[in-house]
Structures are given as structure tokens and as C-alpha cells.
Amino acid sequence: MTIATINRLKFILAVALLLCANLLLLTARSSAASLTNSYIRLNRMKTATATSVRVVFKTTTNAGATGLTIDFNGADSTTWVGQSGSVNATQTIAGVAGCDASATALPGSPSASGSGSVVTVTGVTALSASTTYCFDLTSSSAVTTPSSAGEFHPVITETGGATDSTTVAVRVVTNDQVVVNAVVPPSFNFQIGGCASNTDNFSANLSSGSVGATAGCTVTVNTNATTGWFAWAADSNTGLHSTQASKTIASTTPGTNATLSSGTEGYVFGISAITQGSGAGTTSASNAYGNGAGGVAGAAQGSGLDSTLRLIASSTGTANGAQLTVKESAAISAITPAGNDYTDTITIIGAGNF
Amino acid sequence: MIGFARFMISGVVLSLASFSASNSYQLNNYGINSGGSNSTASSTFSANVSSGEANGANTGATTYTAKSGSIEAQQANVPGAPTLDNGGGGYINKLNFIINTSSNPSDTTYVVEVATDSGFSSPQYVQTDGTLGSTQVFQTYSQWGSGTGTFAIGLNAATTYWFKVAAMQGKFTATAFGPSANATTGNEPTLSFSLSPNTLSFGNLNAGSVTSGPSNLSFTLDTNAAFGATIYVAGSNTGIHSTAAGNTIAVSPPSGDLSSLSEGFGLQGISASSPLSVQSPYNGASNIVGAIYTTFQPIFSSSSSVSSGTATAGLKAKASATTPAAQDYTVTLTFVAAASY
């Protein structure tokens with residue numbers, strides 16, 4: 001072999017070696033990756049406020065992480081802790097499904113603790129690749145936001161079988177709330193009706209052989225008084241009075257329930273029916289002006305009225321369309337003076353109890 | 001013929017340089033020269049001296065650097081360009097680097113130089129903790145993380161960094177720095193959010209009438225989050241509540257039409273700048289309002305980044321004839337924003 005041949009061979013060998021070296025330099029190597037679709041939701045963004053936290057992240061193609069850390073300082077120069085924010089050493093954690101990201105609840109029996117600026121989560125069943133997970137740090141003081149408003153960049157890092165990470169941004173603001181106020185003004189409506197011209201006549205002439213009664217009027221109440229309402233009545237004559245006969249068919253004892261008998265003079269006022277309508281209240285007649293046992297007055301039943309306002313009915317709460325039917329009953333004897341002007345004026349008033 | 005021979009001699013030197021070390025041996029000095037050579041050493045240095053060597057000019061390409069002369073045979077191989085990784089843009093303040101050993105022995109140590117320009121005008125060196133400093137720190141391939149590499153940390157976001165590596169073995173002079181590689185850190189995630197006003201007073205709610213809040217709620221949202229952002233709302237109660245009356249004015253979830261309901265209270269998204277959109281059940285029209293929940297519900301959302309986003313929402317209320325009267329109807333609504341990166 002000539003020297004030229006030897007030299008040629010050496011040249012070829014040198015070139016080959018150089019090519020091999022280049023190939024080594026170009027060989028690709030595996031590398032860590034970044035979590036995606038990741039967010040940290042502070043459930044209070046206001047400065048210097050304790051709050052719970054929601055964490056969502058999506059793993060990469062690297063599976064197997066069995067825990068993670070959340071460093072609220074991240075790589076910030078103005079840090080969470082440096083701005084008087086904090087991470088509670090005691091943490092409670094719960095995996096949550098959904099989280100507006102079709103996330104899987106963090107699996108296993110996760111537990112969490114805090115130290116410095118870092119929350120550490122352990123006890124996680126090995127995470128799957130390319131899967132979105134969610135969990136809440138449920139303590140109302142999981143973290144406390146910094147005392148100054150601004151942007152911070154926590155870092156979420158897997159631990160265990162995978163070590164992928166990501167940096168997110170959270171914002172701390174001066175106020176994250178709206179206080180809404182309103183007033184519902186008091187209202188009370190009380191109306192007598194159901195009888196023409198507010199006149200309630202006896203349906204027939206009074207007779208000693210029977211107890212007469214009027215047709216009745218209605219009293220309708222609407223109110224938003226939370227504690228209900230009251231109705232009172234008073235009588236101008238303390239009975240049915242005739243000027244012609246100079247005679248008053250007297251009311252029975254006011255405030256005492258009574259039932260008239262035919263042939264024995266007497267005059268009573270009673271609540272013969274109650275309609276509840278709507279509302280929260282329950283309306284009832286006073287015993288005297290009902291049936292004496294919490295119900296409405298029966299025929300010829302009620303109590304007398306005088307010039308003193310007497311409680312005739314009440315309700316326990318709001319009312320929309322609560323209605324009383326009020327009637328008068330009268331009985332005469334054989335010697336009750338005749339007269340065609342027996343009359344009485346009854347005043348009925350009400351008030352809401354706010 | 002002579003010129004060709006000279007070239008061939010240089011080629012021989014290069015090839016022998018590649019053969020100068022293996023796991024079991026290393027030729028420390030095999031120079032070809034016309035003079036003699038000798039060595040001297042102490043506990044801290046070794047030197048080989050020879051005369052008649054060719055001038056130690058550099059030759060190289062993008063993937064290797066070589067120097068002629070026997071002294072270079074006793075140095076470690078110049079490391080190739082390191083492998084850099086920015087986590088697909090997810091590394092904001094760090095970059096991962098993996099040393100290219102260029103077949104140096106395992107006891108070879110390496111120093112990593114970093115700069116923000118390709119000329120390395122203001123070089124720094126990776127320290128043992130990954131930070132950058134002014135001191136050259138030599139560590140073995142293993143200490144630099146082997147095939148997993150090490151993170152250089154404390155970097156600036158959205159900045160391109162150049163890395164290059166020099167090697168040293170034993171007491172011999174360190175190599176020159178090898179070719180560089182560069183990578184750019186990711187953009188720092190951003191999120192801004194505001195809400196106004198912070199109080200709203202309806203005044204009197206008259207029975208049978210739908211009353212709108214005295215002003216709308218205004219929101220701003222800005223984020224570079226690739227996967228979007230959401231504004232959430234939660235109430236201290238499910239509606240506007242009176243402690244004195246023990247009553248809450250609300251609509252049954254998810255929403256209600258105050259035009260037909262006897263009473264109610266709710267929230268309605270009025271407008272949102274693209275790509276934000278109003279989310280159900282707050283996307284009703286006229287007097288259809290979404291219920292208030294005590295857990296967070298999305299009211300505005302985007303699936304992509306938002307630039308100077310704005311949104312508005314309104315509150316509506318209606319009382320009935322039997323809505324208990326009270327002066328202290330109130331509710332506190334908390335609005336928060338979260339962005340997905």
C-alpha cells in the first residue's frame with residue numbers, strides 16, 4: 001500500500017468520525033413539558049382577604065404524578081408572601097368534577113398542607129396523561145390575598161411520577177363585591193264593601209217570633225305588614241235606636257259572645273265568614289264576635305258594641321284579599337215599641353302591624 | 001502533492017484527537033512535531049511543553065471546535081451545543097438545559113455560560129442552585145442533571161437566552177466554550193379585572209312593578225391566557241334578603257320572568273365584547289333574569305385570550321302586594337375572574 005493510499009484512508013476515516021460526532025450532537029433528547037388548561041380561581045380576589053381556592057390543570061403526555069405543589073410566590077420578584085399574602089398551614093382539599101372544564105375530580109385520597117408560599121398536595125392516585133383535573137382547597141382561609149392589589153404568578157408543579165409544571169396569573173383587586181340594597185315600603189289597604197252605600201239593612205221587619213239578621217257587608221284587607229293586621233268596631237248607639245219610639249234595642253254585653261233568642265230583646269254584631277286570600281297571614285275573628293271558640297259567628301251569634309273600639313278580627317301576617325263578612329242580628333219582644341226608624345252606625349277600622 | 005500531504009496531516013491530527021480518550025484510556029500527549037516535549041506538574045496543575053508544534057489556531061464548524069497543537073489533546077473535548085427546552089412556552093422564568101458531553105469521561109466537569117445576546121457580551125454562569133451568577137461553576141454531567149438536565153432559573157419572561165458550555169477534566173486547562181444554543185422563555189401570564197360600582201341601591205320596590213337597578217354593573221377583563229377566562233358570580237343569599245322581615249326576594253333557579261312572576265330578583269348579562277359572551281342563565285332578554293346562587297356561576301366567558309374586554313350586567317327586582325315590608329333588603333354579590341393558561 002502506497003503512502004498516498006494510506007493517507008487517503010486516513011482522510012476518509014477522519015471525515016467519518018466527524019460525521020459521527022455531528023450525529024451525536026443532533027440527537028434529540030426528551031424534555032419536561034408544561035401543564036395546560038390550568039387556572040387558579042381565588043374565591044375572593046379582594047386584598048388582604050382570606051379565601052378558598054379552586055385549582056384546575058391538564059396533564060401532559062407524561063402520566064403518573066401522585067401529587068403537586070402550588071407555589072403562590074412563583075418566580076415573582078414582588079411575591080405573594082412578600083406583599084403580606086399567606087398560605088395556611090392547615091388545608092382541607094376536595095376533588096371536584098366539572099369545574100367548567102369537564103374536569104375529573106382529583107383522584108385518590110388527597111391531602112394538603114401549606115408551608116411558606118407553597119401548598120403541597122399528596123395522596124393522589126397516579127394521574128393519567130392528557131387529563132384535566134380539578135380540586136378545591138375548601139378552607140375559607142386556604143390562602144390570604146396580599147395587602148396590595150396586583151398580579152401574581154403562582155406555579156403549579158406535579159410531583160411523583162411526573163414533574164410537569166405551569167405558571168398562571170391571578171389578580172388581587174381592591175374590591176370584588178357589589179352590595180345591593182332595596183326597600184319594600186309598608187302598605188295597608190282596608191275597604192268596606194259588599195253592601196250598597198255601606199248600608200246593611202235587616203232583610204225583614206223585626207219580629208218577636210224570630211231573630212232577624214242583616215245581609216252583611218265585607219271588609220277586605222291587603223297589607224305587607226309582616227306581623228299582620230287588626231280590625232276594630234264601635235257602635236254609635238250601643239244598640240239599634242228609634243228616635244220615634246225613643247227606644248234602643250240594646251247591644252248585648254260588649255266583648256262577650258252571646259246568642260240571641262227570639263222574644264228577648266238583644267242586638268249583636270258578628271263576623272259570619274272569613275276568606276283568607278293570599279299572603280302569609282291567618283285571619284281569625286275575636287272570640288266575642290265569632291262563635292266564642294275561635295270560629296266565625298253562627299246565626300244570631302256575636303257580641304254587642306258600644307262606643308269603645310272593640311277588636312273584632314286579626315291576622316298573623318301579610319294579606320292579599322283577606323276578607324271578613326260582618327252581620328248584625330237583632331231580637332225583639334212583644335212589647336218592643338214599634339218604629340220604622342230603628343238604626344245604628346257601626347264604625348269599623350283597621351291597622352297593619354309592621 | 002505536498003499541499004495535499006499537509007492537509008492529510010491535519011486530518012490525521014483531527015482523527016487522532018477524536019480517538020484520544022475512551023472509558024479506559026486516554027492519550028494525553030501525542031503531538032507530531034519537530035522538537036521535543038516535556039511535562040511538569042504540581043498538586044494543582046499539570047503542563048506539557050513541546051516545541052515545534054503548529055500554531056494553535058482554531059478551526060471549527062457550527063457543531064465542533066478544534067485547535068491544532070498537542071496541548072489540545074490533553075484537554076476535554078469541547079462540549080457541543082446544549083439542548084434547551086422552554087416547556088413549549090410554558091416556562092416563564094426558567095429554561096431547561098442538558099449538557100452535551102461530546103463523549104467526555106464521566107469525571108469531566110462543565111461550566112454553563114448564559115447571556116441574552118449571541119455575542120455573550122454580559123455573560124453569567126449557572127450556579128449550583130440554577131440561578132445565574134458571575135462565578136464559573138464546574139459540575140459533572142451528573143451534577144448538571146444528566147439526561148434530564150437542570151433548570152436555569154430567575155430568568156426574565158419573553159427573553160431569548162444563549163447558552164454555551166466549556167469542559168474541564170482533571171487539572172488540565174478548560175476547553176474553549178463550545179457552540180451555543182438559544183431558547184426563549186414564555187410570555188408571562190397576565191390577568192386584569194375590574195368591577196364597578198361596588199354598591200347599588202334600588203330604593204323602593206313598588207308592588208307589581210319590575211324595578212331595574214339604578215345603574216348597570218361594568219366589568220373589564222384582559223388576559224393572554226390561551227384557553228380563555230371566565231367571570232363568576234355568587235351571592236351571600238339566593239336573592240335580596242331582609243333580616244327584619246325574614247324574607248328573601250328571589251327567582252327559582254335557573255331563571256325567571258319578572259313580567260309574570262309576582263315577585264323576584266335576579267341578574268341579567270346585558271353586553272359583552274368579543275370574545276367574551278354572556279352565559280346562561282344570565283343571557284335572558286327583557287325581564288328574564290338569572291337566579292342568584294350562593295356558589296359561583298359563570299356569567300361571562302371566553303375560550304381564548306381577551307384584549308381590553310368589557311361587559312355589563314343589570315339587576316332587576318319586583319315586589320308583590322304581600323312582599324313583607326322592610327328597610328333592610330340586601331345581598332352581597334361577589335364577582336371573581338379566573339384565566340386558563
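Here are the numbers for this structure:
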{"read-out": "Looking only at segment A:180-193, and only at residues there that are at the interface with chain B (Cβ under 7 Å from one of its Cβ atoms) and not in a loop (DSSP other than H, G, I, E, B), the one that is nearest to residue A:319 (Cα to Cα)", "value": "A:184"}
{"read-out": "Members of segment A:309-347 that are open to solvent by 70 Å² or more (accessible area, probe 1.4 Å) and in a loop (DSSP other than H, G, I, E, B)", "value": "A:309, A:316, A:334, A:335, A:338, A:340, A:345"}
{"read-out": "Only one of B:289, B:336 that is within 12 Å of another protein chain (Cβ to nearest Cβ) and buried (at least 24 other Cβ atoms within 10 Å of the Cβ)", "value": "B:336"}
{"read-out": "Selection count, segment A:203-215, where residues are touching a Gly at 6+ places or on another chain (Cβ under 7 Å) and buried (at least 16 other Cβ atoms within 10 Å of the Cβ)", "value": "1"}
{"read-out": "All positions within segment B:292-322 that are surrounded by fewer than 24 Cβ atoms within 10 Å (Cβ to Cβ) and over 39 Å from the mean Cα position of the chain (by Cα)", "value": "B:316, B:320, B:321"}
{"read-out": "In segment B:308-331, residue nearest to the other protein chains (Cβ to nearest Cβ) [restricted to those that are among the hydroxyl-bearing types (Ser, Thr, Tyr) and under 16 Å from residue B:218 (Cα atoms)]", "value": "B:312"}
{"read-out": "Unmet requirement for residue A:166, which otherwise passes all of (1) in contact with a Gly (Cβ under 7 Å, 6 or more places away or on another chain); (2) more than 30 Å from residue A:333 (Cβ to Cβ); (3) at pLDDT 95 or above", "value": "(3)"}
{"read-out": "Pairs where the first residue, in segment B:324-336, is touching a residue at least 60 places away in the same chain (Cβ under 8 Å) and the second is of a type in the set (D, E, K, R) and assigned to a strand (DSSP E or B), C-beta under 7 Å, 6+ apart", "value": "B:336/A:41"}
{"read-out": "Test: residue in segment A:132-145 that is in contact with a His (Cβ under 6 Å, 6 or more places away or on another chain) and crowded, with 20+ Cβ neighbours inside 10 Å", "value": "no"}
{"read-out": "Failed condition for residue B:101, given (1) at pLDDT below 95; (2) buried (at least 21 other Cβ atoms within 10 Å of the Cβ); (3) part of a loop (DSSP other than H, G, I, E, B)", "value": "(1)"}
{"read-out": "Residue match in segment B:82-93 (condition: open to solvent by 40 Å² or more (accessible area, probe 1.4 Å), in a strand (DSSP E or B) and over 19 Å from residue B:156 (Cβ atoms))", "value": "yes"}
{"read-out": "Residues of segment A:166-217 classified as in contact (Cβ under 8 Å) with a residue 24 or more places away in the chain and either touching an Asp or Glu at 6+ places or on another chain (Cβ under 6 Å) or over 30 Å from residue B:85 (Cα atoms) (or both), total", "value": "31"}
{"read-out": "Which listed residue is more than 17 Å from residue A:93 (Cα to Cα), open to solvent by 10 Å² or more (accessible area, probe 1.4 Å) and over 36 Å from the mean Cα position of the chain (by Cα), from A:162, A:149, A:129", "value": "A:129"}
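The values are calculated or read from the model by the stated rules, or taken from the named source; none is laboratory data. This structure is a prediction, so every number in the text was calculated from the model and none was measured. Note: ideal-geometry Cβ built from the backbone for every residue, glycine included; neighbour counts use all protein chains shown. Each accessible area value is taken on the protein alone, full model and side chains, heavy atoms only, with ligands, DNA and RNA left out. Shrake-Rupley method; radii C 1.70, N 1.55, O 1.52, S 1.80 Å.
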